[in-house]
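K.L.:
Before anything else, here's the structure in question.
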Amino acid sequence: MNRRTVLLGGGAALAAPLLSPAPSFAAPTRLTNTAHLDFLRDSVVPPVQAGHTTYRPSSGIGVLWTYAEPTTSGAYRRIGGGPYDPATDTYGQGAFNSDDIARAAIVYLRHWRQTGSARSRTAAYELLRGLTYFQAAGSGYFVLWMQPDGTLNPSPEPVELPDPSDSGPSYWLARAIWALGEGYAAFRLADPDFATFLEQRLDRAIKAIDLSAYGTWQLADGVRRPAWLIVDGADASAEAVLGLAAYVATGHGTPVARRALRQLADGIAAMAGGDARRWPFGAILPWALSGSDWHAWASQMPAALARAGQVLGDDRLVRPGATDSAVFTPWLLTSGGPDNGRLPARIDRTQIAYGVDSRLQSLVAVAAATGRDGFRQLAGIVAAWYFGANAAGTPAYDPATGRTVDGISGDGVVNRNAGAESTIHGLLSMLALDAHPDVAALAARGRVVERVGATTVEAESAALTGGATIVTPPSPWTGESQFSGDRYALLPAGASARFTLPAADQPRLVLAVADLRPGSAAVTRWSGTGRSLGVVRHGDVGPQGVSPAPGALLPVTLPGEVPAGATDLLATAAGGEAVLDAVIVEPLISRYVLAGVALLRSAAQDPRTATVTVPGTGPATVETYDASGVRRLRTTATGRGIRAVVLPGGFTVIRR
């Protein structure tokens with residue numbers, strides 16, 4: 001599993017070409033349109049394959065093409081993953097995958113339950129029949145890929161882990177549990193026989209999760225991490241929890257399912273960390289083997305904890321999700337949005353529907369679990385990405401066709417392919433917006449006016465003296481994190497790096513992104529405009545343990561703040577060689593302004609007042625929330641420049 005790449009099915013990298021932006025469109029009243037997902041669906045009668053069968057196996061099963069790319073005529077053609085061999089009509093990976101089939105089934109299940117659509121009920125039924133065909137009879141694991149004729153391909157090329165794909169726990173096992181749990185809940189009364197079949201397959205899948213290590217902790221760079229998460233991932237485990245919660249909520253969940261729900265949720269909650277001033281800023285990290293890695297895709301950890309907390313009646317599970325939503329999400333939005341990779345600097349700035357939807361679903365779920373409407377407002381601001389609040393400034397979802405683009409790069413280049421994963425998560429988002437018109441109304445303000453938040457200044461851009469050098473490692477990926485700019489600065493004792501920061505009209509935090517190594521005696525002393533900001537001890541990290549690499553590339557918050565107007569920052573090394581990747585500069589009050597709505601976020605330690613220009617006319621509603629998402633103040637104001645209070649670690653939303 002390579003977590004540096006945006007993964008389809010945990011392994012198939014998005015490989016579509018990047019094309020230019022297209023013109024915008026006007027959104028209809030109902031946003032959800034399954035037309036393109038319908039186009040990706042297919043049916044196949046697989047050959048007899050030992051250990052694989054499904055419900056009523058004599059008829060064809062529902063499958064889903066993995067990718068779709070535009071043709072010169074403007075239409076789309078369906079394609080599989082990996083190189084295609086026309087002589088055998090096979091792909092290196094396959095045409096269909098269980099990962100996308102599971103999530104497409106969830107789209108149709110939710111659409112059926114939300115609208116009563118008989119077509120979506122049938123589509124969900126057929127796709128769930130197809131999904132269960134991928135499950136191995138003995139182990140309960142799932143094969144990932146299938147060729148166009150229905151032949152399973154357990155060992156695709158390029159190789160994906162586990163290999164074969166049904167030889168152990170995987171992302172696709174977790175997503176199958178998600179689909180089977182929601183499938184059972186939907187069909188329990190509508191089709192009891194089919195629901196019983198789904199329950200049997202769900203039970204088989206749950207038993208395939210190895211939770212024997214529950215309560216056992218592993219050390220990664222000296223930090224205690226849960227040893228029982230699916231593929232060491234809070235991200236994968238969260239999607240399994242969504243299905244388990246749906247199943248247990250019916251009141252018919254087995255003790256085994258309820259226990260798995262509790263244990264996985266406990267592990268996810270343990271991955272939370274940081275606060276408004278310290279990395280990872282209240283986020284629930286996705287990977288137990290790294291404290292440096294966060295990605296938007298599959299980041300439904302808050303949603304999973306919210307649903308688990310509701311079903312199990314345990315508010316303690318909801319709290320980390322609320323902190324992720326109230327503290328981390330405003331930081332994420334003001335610092336660039338739901339990127340594919342904060343590793344820990346903003347390495348992969350590409351944004352995809354899977355990441356945006358994961359954030360949206362989490363905010364909606366936490367709002368439902370806590371009753372705090374500020375999270376619904378944040379959900380609307382996140383969802384505005386689909387309607388133009390993105391780096392391209394163009395809609396990413398087209399309600400006239402039901403297509404969602406496959407991604408938007410940090411430079412604003414749009415990938416106009418519309419594969420299964422993007423289509424699925426775009427539709428899951430639209431279903432959420434159709435169910436919550438207040439969230440949809442905020443999302444419609446899809447134009448970025450201003451963003452002032454965390455910025456990264458590379459160490460290699462600093463003026464280096466005293467023998468400091470710029471190093472280009474063989475690979476920027478360390479095994480658990482990545483050097484931004486693919487390089488770093490090496491400072492021997494006595495050397496220095498002088499950074500020139502962008503000017504700002506307010507004080508700022510400085511986070512030194514340093515490669516910390518156990519046993520290192522190196523320290524860097526930091527100062528700005530003649531005043532000390534603090535010291536970074538480069539040996540302040542625990543033993544490697546299960547981490548894939550010795551040491552950790554982590555942002556270290558300096559205790560001092562750079563005053564308003566200051567642009568000079570100096571780091572001087574002593575005691576040994578110090579590795580600096582970059583500095584992240586964080587305004588005490590950051591902001592993200594869309595057309596008619598503004599978000600303010602605080603890294604200050606006391607209440608602050610800020611003035612922000614909010615486009616539009618008429619009075620503005622100003623709502624101030626604390627670091628747990630509780631509304632503490634609501635006022636109205638007039639004029640273009642709106643004065644607002646922002647609480648320590650909290651956020652404020654201003655709406656016209």
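The values are calculated or read from the model by the stated rules, or taken from the named source; none is laboratory data. Note that the structure is predicted; figures quoted are calculated from it, not measured. Note that each Cβ is placed from the backbone with ideal geometry, even for glycine, and that neighbours are counted across all protein chains shown. Only protein heavy atoms, including side chains, enter the accessible area calculation; ligands, DNA and RNA are left aside. Shrake-Rupley method; radii C 1.70, N 1.55, O 1.52, S 1.80 Å.
K.L.:
At 1.4 Å probe size, with no ligands or nucleic acids counted, give the accessible surface of Leu317 in Å², nearest ten.
P.N.:
10 Å²
K.L.:
Another one. What value does region 450-513 have for Rg/Rh, both radii from Cα atoms and Rh as Kirkwood defines it?
P.N.:
Result for region 450-513 is an Rg/Rh of 1.02.
K.L.:
Another one. Whole percent per 5 Å bin, from 0 to the bin with the longest distance: what is P(r) over all C-alpha pairs of region 137-179?
P.N.:
All Cα pairs considered, the percentages come to 6, 24, 30, 26, 13, 2.
K.L.:
Which Rg and Dmax, in Å, describe the Cα atoms of region 610-650?
P.N.:
Both quantities, over Cα of region 610-650: 10.8, 31 Å.
K.L.:
So, taking all protein chains as they sit and a 1.4 Å probe, how much accessible area belongs to Glu157, in Å² rounded to tens?
P.N.:
130 Å²
K.L.:
Let me ask something else about it. Write down the radius of gyration of region 285-394 and its Dmax, each obtained from C-alpha positions, in Å.
P.N.:
Cα radius of gyration and Dmax of region 285-394 are 13.6, 43 Å respectively.
K.L.:
Leaving out ligands, DNA and RNA, and with a 1.4 Å probe, what % of the accessible surface on region 221-329 is carbon or sulfur?
P.N.:
Solvent-exposed carbon and sulfur of region 221-329 make up 47 percent of the total.
K.L.:
Once you compute Rg and the Kirkwood Rh from C-alpha atoms, what is the Rg to Rh ratio for the chain?
P.N.:
Ratio of gyration radius to Kirkwood radius: 0.97.
K.L.:
Could you put Phe328, Phe197 in order of accessible surface area, largest first, with the 1.4 Å probe and the full protein assembly present?
P.N.:
Phe197, Phe328
K.L.:
Report, to the nearest whole %, how much of the accessible area of region 511-656 belongs to carbon and sulfur atoms, 1.4 Å probe, protein only.
P.N.:
50 percent
K.L.:
So what is the accessible area of region 314-404 per residue, in Å², with the probe set to 1.4 Å?
P.N.:
For region 314-404, the solvent-accessible area averages 21 Å² per residue.
K.L.:
Also, quick follow-up: Looking at Gly183, Pro169, Ile209, which one has the Cα that reaches farthest to the positive end of the dipole of region 157-210 (charges on Cβ: Lys, Arg +1; Asp, Glu -1)?
P.N.:
It is Gly183, whose Cα lies furthest towards the positive end.
K.L.:
While we're on this one: Can you list the equivalent-ellipsoid semi-axes of region 199-316, largest first and in whole Å, using the square root of 5 times each Cα gyration tensor eigenvalue?
P.N.:
That gives 25, 15, 12 Å for the three semi-axes.
K.L.:
Heavy atoms of the protein only, probe of 1.4 Å, neighbouring chains included. What is the accessible area of His436 in Å², nearest 10?
P.N.:
Its heavy atoms expose roughly 40 Å² to the probe.
K.L.:
Could you give the accessible area per residue of region 427-539, probe 1.4 Å, as a whole number in Å²?
P.N.:
Accessible area per residue, region 427-539: 41 Å².
K.L.:
May I ask for the angle, rounded to the nearest 10°, between helix 192-208 and the longest principal axis of the chain, with both axes built from Cα atoms and the value confined to 0 to 90°?
P.N.:
The two axes meet at around 50 degrees.
K.L.:
Further question on the same structure: Round to the nearest 0.05 the FRET efficiency obtained for Thr401 and Ser59 when R0 = 30 Å and r is the Cβ-Cβ distance.
P.N.:
0.50
K.L.:
Assuming R0 = 51 Å, what is the FRET efficiency of Ser527 and Ala637, from their Cβ-Cβ distance, to the nearest 0.05?
P.N.:
Once the sixth-power term is evaluated, E becomes 0.80.
K.L.:
Continuing with the same structure: Note the full-extension length gain between Asp315 and Asp486 as 0.36 nm times their separation in residues minus their Cα-Cα distance, in nm to one decimal.
P.N.:
Result for the pair: 57.3 nm of gain on full extension.
K.L.:
Moving on to the next point. Just grab the label-to-label distance for Ile470 and Gln114, each label 7 Å out from Cα along the Cβ direction, in nm (one decimal).
P.N.:
The modelled label-to-label distance comes out at 4.8 nm.
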